[in-house]
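Structure record follows, encoded as structure tokens.
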Amino acid sequence: MNLQAEILKTPIPGPKSRALAARLAKCESRGVTTLKDPSPIVWASAEDVFVTDVDGNRYVDLTAAFGVAGVGHSNPKVVAAIADQAATLMHGMGDVHPTLPRIELLERLRAIAPFEDALGFLCSSGSDAVEFALKTAYLSTGGPDALAFEGAYHGLTLGALEVGGNPKFRRPFAGQLRQRASFVRFPDRREPDSGPHTLEQIEKQLSKERGIGAIIVEPIQGRAGVVIPPKGFLPGLRKLSNERDILLIFDEIFTGFGRTGTMFACEHETVEPDLLCLGKAMSAGFPLSAVIGKRAIMDAWEPAHGESIHTSTHLGNPMGCAAALAAINLTRELHLPERAASLELVVERELAVLKDHAHVVDVRGRGLLWGIEFADPAVAAEVVARALSLGLILLQSGLRGEVVAISPPLVISEALLIHALSRITTIVDNVTVPA
Ligand code: PLP
């Protein structure tokens, strides 16, 4: 099938990308972009499921750019909403004078919340949202500490890093972290006993450590390599939190807005969190995030009087709110959660051939969030690099980099998805282990 999907005009990366990477090396702090082995492609534009680089090469984006472009890149309705809002009111005054888009977005989040009587708070990044949730939990319970999971990714600002379970990100800052979190192993549905076992461990931990005010968890660990817990684990966490008067925070910054086949991943087992962190696909590319929580918990914040004790300059940016309103409407109108649920079967079918592959340890996923786990992280890296050179954007994930993650825009057509997956299986078939 020729879908005119990937269009390659130069070797990857092309000469313009290489030249721009050299310019970047001279002006960006060196801890950010990998500039050598591999050298990056420089994105020039993106539309729907496609990304075009500065050399005119067009790629199929199988990452939705970290899960952000659920409704597709530069969706015209989101673009129009931002443009209209930019022309009308670009910036509000944070906690002082509210704006209409902010009110409308908070009303919308309240309406779609997976629990009754939700109140919301808007922030800019996922890490911000996590920090707001942790502060709320402290105000509500008095417990300054948290229980979190090995492998968890909640962002990299200092507060979010406290509950992050990836040593790679924690180690360089160990001296700055206050060790506010206790970590337990995140259970994996491949080992059904790991759910009850982890719950037991948590129970012991909660009896030992009295300062724990919240459990923070990703319903599916994304960046750790799409790790899905066994059935019953999330309801078990809910039960434990209820018994101990501890808050349950779900970080659905990655899994929210249809990614896993329901609007929010907590809906698969109808578990109601006390606080829900949202971001990424919510605003389809405008930096915006949110926390929604049950009124009784959010009311732990004193009514604001004068200067708010938690706010920021860009709180509830009107363009971000307009983008989010458009993206949420599209998610509903295009039935994107349902699409993700039905395309899950397509991915499962198309990737089934990999299950017996010599390099492959596991193929797993839910909705349109999938991971192919390799025995050797070098093979995963090779697959990602080879895919890019053929016009497919993939992301390496997993604590050792052993997983190739697939999280395309939820608007991807079935035909294009099948085309891209068949290219991936061919790449894996032909991959050679780097020396
Ligand atoms: N939480 C989860 C589950 C995430 O996947 C991410 C980002 O990947 C974050 C939090 C942090 O979001 P941000 O990078 O916007 O701070």
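The values are calculated or read from the model by the stated rules, or taken from the named source; none is laboratory data. Everything numeric in this text was worked out from a predicted model, so none of it was measured. Backbone-built Cβ (ideal geometry, glycine too); neighbour counts: all protein chains shown. Calculation scope for accessible area: heavy atoms of the full protein, side chains included, ligands and nucleic acids excluded. Shrake-Rupley method; radii C 1.70, N 1.55, O 1.52, S 1.80 Å.
Before moving on, here are some points about what is shown:
- Ellipsoid semi-axes for segment 264-326, based on the Cα gyration tensor and the rule √(5λ), read 22, 21, 7 Å when sorted largest first.
- Of the trypsin sites (Lys or Arg not before Pro) in segment 97-179, the ones in a loop by DSSP (not H, G, I, E or B) with at most 10 other beta carbons within 10 Å are R178.
- Surface composition of the chain: carbon and sulfur atoms hold 54% of the protein heavy-atom accessible area at a 1.4 Å probe.
- Packing, taken as the mean count of other beta carbons within 10 Å per residue, orders the peptides 89-96, 372-379, 13-20 from highest to lowest as 372-379, 13-20, 89-96.
- Kirkwood Rh and Cα Rg combined as Rg over Rh, evaluated for segment 18-62: 1.02
- Per residue, the chain exposes 45 Å² of accessible surface when a 1.4 Å probe is rolled over the protein heavy atoms with every protein chain present.
- Chain lengthening between L35 and Q201 when straightened (0.36 nm per residue, less Cα-Cα): 55.5 nm
- Checked against a 25 Å cut-off, the cross-linked pairs K204/K239; K77/K135; K9/K36; K135/K208; K9/K77 give Cα-Cα distances beyond that limit for K77/K135; K9/K77.
- Close amide H partners of G94, meaning residues 5 or more places away or on another chain with modelled amide H under 5 Å apart, are L315.
- Ordering of 221-233, 273-285, 411-423 by packing is 273-285, 221-233, 411-423, highest average first (other Cβ atoms within 10 Å, averaged per residue).
- Value of D in µm² per second that Stokes-Einstein yields for the chain, Kirkwood Rh from Cα pairs, at 4 °C (1.567 mPa s): 58
- Distance from the C-alpha centroid of segment 237-257 to that of segment 141-191: 15 Å, rounded to the whole angstrom.
- Using the Cβ-Cβ distance between N329 and M93 with R0 set to 30 Å, the FRET efficiency works out to roughly 0.70.
- Derived scalar couplings ³J(HN,Hα) [segment 320-328; Karplus, 6.51 cos²θ - 1.76 cosθ + 1.60; whole Hz; x for Gly, Pro]: x, 5, 5, 4, 5, 4, 5, 5, 5
- Percent of C-alpha pairs per 10 Å bin, segment 63-132, short to long: 15, 37, 43, 5
- With θ taken as phi - 60° and the Karplus curve 6.51 cos²θ - 1.76 cosθ + 1.60 applied, the whole-hertz 3J(HN,Hα) list for segment 17-22 is 4, 4, 5, 5, 4, 5 Hz, x standing for glycine and proline.
- Of the residues A64, G261, P219, the one whose Cα sits farthest towards the positive end of the charge dipole of the chain is A64 (charges of +1 on Lys and Arg Cβ, -1 on Asp and Glu Cβ, taken about the Cα centre).
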